[in-house]
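The values are calculated or read from the model by the stated rules, or taken from the named source; none is laboratory data. Bear in mind that the values here come from a model prediction, so they are computed numbers and not experimental data. Cβ placement follows ideal geometry from the backbone for every residue including glycine, while neighbour counts extend to all protein chains displayed. Heads up: the accessible areas ignore ligands, DNA and RNA and are worked out on the full protein's heavy atoms, side chains in. Shrake-Rupley method; radii C 1.70, N 1.55, O 1.52, S 1.80 Å.
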Amino acid sequence: MTEPTRPDPLTPVLTRRWQLDRSWSIDTYERTDGYTALRTALAAQPDQLITLVKDSGLRGRGGAGFPTGMKWSFIPQGPTGAGAKPKYLVINADEGEPGTCKDIPTMMADPHSLIEGCIITSYAIRANFCAIYVRGEALHCIRRLRQAVAEAYAKGYLGTDILGSGFALDIVVHAGAGAYICGEETALLDSLEGRRGQPRLKPPFPATSGLYASPTVVNNVETIASVPDIVSGGSDWFRSMGTEKSPGPKIYSLSGHVERPGQYEAPLGVTLRELLELAGGMKDGIPLKFWTPGGSSTPLFTAEHLDVPLDFEGAAAAGSMLGTTAVQIFNETVSVPWAVMKWTEFYKHESCGKCTPCREGTYWLVQILERMVHGRGTVEDVETMLDICDNILGRSFCALGDGATSPITSAIKYFRQEFLDLIAEQPAVARPDQLAQMTGASA
Amino acid sequence: MTLPEGNPEMNSAEVTGPDEVVWHPEATEGPIASPAFDEVTRQRAKEIIARYPQSRSALLPMLHLVQSVENHVSQAGIRFCSEMLEITTAEVSAVATFYTMYKRNPCGEHLVSVCTNTLCAAMGGDAIYARLQDKLGSEGRPLGHEETAGEPGTPGSITLEHAECLAACDLAPVIQVNYEYFDNQSVDSAEELVDALRRGEKPHPTRGAPLTDLRTVELELAGFHPDLAAVAEGPSIAPETVRGAVLADERGWTAPARPAEHPALPPLPEAKP
């Protein structure tokens, strides 16, 4: 018996079509096995597909990592009760977590992988209406998706009696209007219902009471775009990449002070050291200072975390979260208090205002950080910020408030002295050019 | 503030508000106030409503439609949505004021959005925004967030804003013009871009369709594309987008081989007793 072979350092699955000529067109997609998984899926029973996705170990790619097949299995089925209601599939394409830039290239380069995934998933959960909620600023993705939907209707992959199966599905590509909070799944549902995007109290969860109070699956773009490959490759193939508990390939988005930023699709569990080698190392050789493993809501890492396996378990064990694998890389020239101030201004702006800890907490954190960065910090500020964070974390209505505390508490954990030095010296931060613009940028 | 005299519970004195508060209730009867919302627009609103299982889901796209007509969301636009969806103007206003893409004042021909979130800011976004503020300002005052240079709606007029993360961090710092991406910007390139827009030119975005104007784009967001197959073309793959895929090709790296045939699906789970 041979040892299972380790996959290659990069494993393009979702990204494998991106270099092809007009990769977004249905011709290219069909020429590269597109819509064959749909035929296989429609020949099966829906519950077989749910079992397949469970077996594959696919976990949600939107940040939380919830097992996808399990989420689908929560949808009540049957002729009575909640099972008798219409079911809905909603795709969370409201990509806006700072650092995250994987879904927009996916939708631009290969929209049909998402559309095919939507059809298979809708069949599995027995939904006849699917909405793809795309952030409004992602205009070209919206066009590509709408064109892909139109092509799919023309080919009989959407509409009534899809490929003679008797299954019917309509897909609407819905443009958001600029609100980060709508990436939170219940806020997204409220927004899709034509309301302010504010999160709902849970339970009830969307699986029983989602869109229009009906059973609803909300999944991320990358999650659903993975489904056709799981159908065509099988769960064992999918599990030949990644780790036992975090299987499959993942798009890592490298940005910031790195020689070759970009999208790198690697098996889950790759480390930043390995990714940096692939990306040509730190820009201009200036050493790494801090980085986020998966967006600004995931606690910061430093150079001591270069060998942390970037899967759900590895990132958590090292005190952060995998999030959206949005790897933002900052070198020694960047002031930590300044970066934290900028992120906190973001959370303050995006706080929906529904709950007091988040609305008031982010407001006061910004006041403290802006004052500190302007050289007017006080010795109590660090402890005050930690105290405010303590009053937000776990006490806010949704994960936005929790996420707002991540950059602050992790920055103080690893760079407390830099905050204290800034307060003691009362200078402007290391990069006064950034500071000078701050007032305007936060107006 | 002084309280009115008397005890309100005794009904002994008429309670009146301060003189300066004058309440102008908006008319809610009669035909739609603005002739801007013509029959074509009403028909489009009906088309939007027909896309959804429940009509109120049409509100966000309809507010984009309103912006395509008026280049902002006016009170008349709010009334239009309210009447089409049979919900109150308060309910529409609550939504219109929540989302940053709905603008309260008339915008320029173009909307220039500069990402000033942490990563773009560190890579130069803050400097770009400051430069554009100075450049588009007048009489020594820099242009503020969501302010417009030039007469709103006229050719070459520009509304400037700083934006939160635009989800193109590998291409930082980024600018959007009418939500089309201009990647890897510098202070100089951003200045040239704005100069060209002011002159009435329409530089091609790094990724996206040929530049039009904000109103056309708002109509697209509402779901009405002038020629969908045509506007869905255009460049969309930056070198950064395919860095990993290109490197894998160069090194001969691939995902593990798939089975030749689609594997059989797992059997149905045992029926619950």
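Restricting region B:245-273 to residues that are small (Gly, Ala, Ser) and facing chain A (nearest Cβ under 7 Å) leaves a set whose member that is farthest from A:Thr32 (Cα to Cα) is B:Ala248. A:Pro4 meets each of the listed conditions (1) open to solvent by 10 Å² or more (accessible area, probe 1.4 Å); (2) at pLDDT 95 or above apart from (2). Considering region A:176-191, the residues that are at the interface with chain B (Cβ under 9 Å from one of its Cβ atoms) and in contact with a strand residue (DSSP E or B) (Cβ under 9 Å, 6 or more places away or on another chain) include one that is farthest from A:Pro204 (Cα to Cα), namely A:Gly178. The set of residues in region B:245-258 being within 19 Å of A:Phe238 (Cα to Cα) and surrounded by 12 or more Cβ atoms within 10 Å (Cβ to Cβ) consists of B:Ala245, B:Ala248, B:Trp253, B:Thr254, B:Ala255, B:Pro256, B:Arg258.
Filtering region A:116-146 to residues that are over 20 Å from A:Tyr29 (Cα atoms), of a type outside the set (Phe, Trp, Tyr) and within 10 Å of chain B (Cβ to nearest Cβ) leaves A:Asn128, A:Ala131, A:Val134, A:Arg135, A:Gly136, A:Glu137, A:Ala138, A:Leu139. Give the residue that is surrounded by the most Cβ atoms within 10 Å (Cβ to Cβ), with candidates limited to residues of region B:213-227 that are more than 9 Å from chain A (Cβ to nearest Cβ) and of a type in the set (A, V, I, L, M). Looking at residues that are more than 9 Å from chain A (Cβ to nearest Cβ) and of a type in the set (A, V, I, L, M), I get B:Leu214.
Cβ separations smaller than 6 Å between residues 6+ apart or across chains give the following pairs from region B:144-156 residues that are in contact (Cβ under 8 Å) with a residue 24 or more places away in the chain and under 18 Å from B:Val114 (Cα atoms) to residues that are outside any loop (DSSP other than H, G, I, E, B) and of a type outside the set (D, E, K, R): B:Thr148/B:Thr159; B:Ala149/B:Leu136; B:Ala149/B:Ile158.
Of the residues making up region B:55-85, those that are at the interface with another protein chain (Cβ under 9 Å from one of its Cβ atoms), among the hydrophobic types (A, V, I, L, M, F, W, C) and over 12 Å from B:Lys103 (Cα atoms) number 5.
Quick check: is even one residue across region A:243-253 within 14 Å of chain B (Cβ to nearest Cβ), over 17 Å from the mean Cα position of the chain (by Cα), over 17 Å from A:Phe66 (Cα atoms) and among the hydroxyl-bearing types (Ser, Thr, Tyr)?
Looking through region A:243-253, none of the residues is within 14 Å of chain B (Cβ to nearest Cβ), over 17 Å from the mean Cα position of the chain (by Cα), over 17 Å from A:Phe66 (Cα atoms) and among the hydroxyl-bearing types (Ser, Thr, Tyr).
Take region B:228-244 and flag every residue that is more than 7 Å from chain A (Cβ to nearest Cβ) and either open to solvent by less than 20 Å² (accessible area, probe 1.4 Å) or part of a helix (DSSP H, G or I) (or both). Residues satisfying the conditions are B:Ala230, B:Ala238.
A:Leu20 meets all of the listed conditions (1) without any contact (Cβ under 8 Å) to a residue 24 or more places away in the chain; (2) facing chain B (nearest Cβ under 9 Å); (3) within 28 Å of A:Gly156 (Cβ to Cβ); (4) open to solvent by 20 Å² or more (accessible area, probe 1.4 Å) but one, namely (2). A single member of A:Cys352, A:Cys358 is within 24 Å of B:Ala163 (Cβ to Cβ) and more than 14 Å from chain B (Cβ to nearest Cβ), and it is A:Cys358.
Out of everything in region B:123-174 that is of a type in the set (Lys, Arg) and within 12 Å of another protein chain (Cβ to nearest Cβ), what residue ends up being most open to solvent (accessible area, probe 1.4 Å)? Looking at residues that are of a type in the set (Lys, Arg) and within 12 Å of another protein chain (Cβ to nearest Cβ), I get B:Arg141. Checking the structure you have, find out if any residue of region B:111-121 is facing chain A (nearest Cβ under 10 Å), crowded, with 20+ Cβ neighbours inside 10 Å and part of a loop (DSSP other than H, G, I, E, B). The answer is yes, given that some residue of region B:111-121 is facing chain A (nearest Cβ under 10 Å), crowded, with 20+ Cβ neighbours inside 10 Å and part of a loop (DSSP other than H, G, I, E, B).
So which residues in region A:217-242 are open to solvent by 20 Å² or more (accessible area, probe 1.4 Å) and within 7 Å of another protein chain (Cβ to nearest Cβ)? Residue satisfying the conditions is A:Ser240 alone.
I'd like to check something: does region B:187-207 contain any residue that is open to solvent by less than 40 Å² (accessible area, probe 1.4 Å), at pLDDT 95 or above and at the interface with another protein chain (Cβ under 8 Å from one of its Cβ atoms)? The answer is yes; a qualifying residue exists. Going by what's in this entry, would B:Glu191 be described as within 16 Å of the chain's Cα centre (by Cα), part of a helix (DSSP H, G or I) and charged (D, E, K, R)? The answer is no for B:Glu191.
The residue list A:Thr325, A:Thr298, A:Thr271, A:Thr302 contains one member that is more than 22 Å from B:Asn184 (Cβ to Cβ), among the polar types (S, T, N, Q), within 14 Å of chain B (Cβ to nearest Cβ) and open to solvent by less than 20 Å² (accessible area, probe 1.4 Å), which is A:Thr298. Restricting A:Ala64, A:Ala84, A:Ala43 to those that are within 19 Å of A:Phe312 (Cα to Cα), open to solvent by 10 Å² or more (accessible area, probe 1.4 Å) and of a type in the set (A, V, I, L, M, F, W, C) reduces the list to A:Ala64. Among the conditions (1) out of contact with any helix residue (DSSP H, G or I) (no Cβ under 9 Å at 6 or more places or on another chain); (2) open to solvent by 20 Å² or more (accessible area, probe 1.4 Å), A:Glu97 misses just one, which is (1).
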